[in-house]
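The values are calculated or read from the model by the stated rules, or taken from the named source; none is laboratory data. What you see is a predicted model, and the numbers here were worked out from it, not measured in a lab. Here the Cβ is made from the backbone with ideal geometry for all residues, glycine too, and neighbour counts use every protein chain on show. Please note that ligands, DNA and RNA were not included when accessible areas were found on the heavy atoms of the full protein model with its side chains. Shrake-Rupley method; radii C 1.70, N 1.55, O 1.52, S 1.80 Å.
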Amino acid sequence: MSIAAVHHPGYTIDLPASHPFPMAKFRVLRNQLGQHKGPITWHQPSMATSEQLQRVHTRAYLDALTGGHLDRAAQRRSGFPWSAALIERVRLETGGTLLTARLALDQGLALNAAGGTHHAHADFASGYCLLNDLAVTAKTLLETGEVGRLLIIDLDVHQGDGTARLLADEPAAFTFSMHVARNFPARKADSDWDLPLASGLDDAAYLGTLTGVLPRLIDDCDPDLVIYDAGVDVHHADRLGHCELSNAGLYERDRRVIEAVRSRGIPLAGVIGGGYDRDLEALCQRHAQLFHAALHTQEESA
Ligand SMILES: [Zn+2]
């Protein structure tokens, strides 16, 4: 038994060495997982199409992205200097999350070794997020009728503000965000359920809170699919998080989410989300734990 995972070499592009975003993490993670002895079946996505992207983004914004017409302020807000490779990268990543969701619907569980660009809005980029892969995937699956109802569990340490706004008028997509309140963005959106946390929570406090809400969240929503944003910026060594999880705590978080969803027979599509440690090997070991937790859960249920 193996798990389905999604990666594309185009997930990593060249950036100036001084750039704060750890762009090489997608390549390093893929390499780390390639050495893992657990059985992972890799799939390569194609780029999200204009039709898919237009389900959540405005045509004017998409034209500016693809045509390279973003002004300097918009580029600064995105966090990246514009390049054609960057646009290809984010379209691949969005296509990757959609493919991951479809693999999950088919096989029960699948993971994108990227994704979780939850700060992207309808007509502007923000916080390293240009296209909202979660909202594009949700809208696409609902419009095609592949799912009737879905739940997004966003445990990245930052609020999924873009996702919340893009899906605010979509009753068939339920958005849940558990994040540290003092973090970016300063102005929060309204998810269907927000669970803002105090700064500095340790493993026990964090996991206690999560475990207290997971059953009700999943049972009340009763979705056909869960999309799980497993951002690792809740780790104590992360630069941006104000949260104090250990590696073991992170693993336990992922395991509990996967177990809670899969034990109810609901398909789960996971994305890796944020993580900003400059130590790429350590960072990718944290992201890799999502895959290890998935493999472990699947072995146990086999
Ligand atoms: Zn984050």
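Given their separation in residues at 0.36 nm each and the Cα-Cα distance between them, A168 and R55 gain 39.3 nm when the chain is fully extended. Annotation: peptides 271-282, 18-29, ranked by per-residue average of other Cβ atoms within 10 Å with the highest first, follow the order 271-282, 18-29.
The stretch between R72 and S2, if pulled fully straight at 0.36 nm per residue, gains 20.7 nm over its current Cα-Cα span. Under a model in which nothing but the beta-carbon of Lys, Arg (+1) and Asp, Glu (-1) is charged, the chain shows a dipole of about 640 debye around its Cα centre. Computed on the chain, with alpha-carbon pairs under 8 angstrom and 6+ residues apart, the relative contact order is 20 percent. Heavy-atom accessible area with a 1.4 Å probe sorts D192, D133, largest first, into D192, D133.
Of all DSSP bridge pairs formed entirely within the chain, close to 5 percent run antiparallel.
If R0 equals 30 Å, the separation of the Cβ atoms of N31 and D106 corresponds to a calculated FRET efficiency of about 0.70.
Net length available on complete extension from A17 to H292 is 96.0 nm, with 0.36 nm assigned per residue and the Cα-Cα distance removed.
Here the accessible area is traced with a 1.4 Å probe on the protein chains. For the chain, carbon and sulfur cover 48 percent of it.
Is it possible to state the helix-based mean residue ellipticity at 222 nm for the chain, with each DSSP H run of 4+ residues giving -39500 (n - 2.57), the sum divided by total residues, to the nearest 500 deg cm²/dmol? What is it? Write out the running numbers ahead of the final one.
Numbers: 10 runs with 128 residues, N = 302.
My calculation for the chain gives -13500 deg cm²/dmol from helical runs alone.
Centroid-to-centroid, using Cα positions, region 1-57 and region 172-229 are 25 Å apart.
Given R₀ = 30 Å, what would the calculated FRET efficiency be for A302 paired with W42, taking r from the Cβ atoms and rounding to 0.05?
0.90
The label point for H236 and the one for A85, both projected 7 Å from the Cα toward the Cβ, are 3.7 nm apart.
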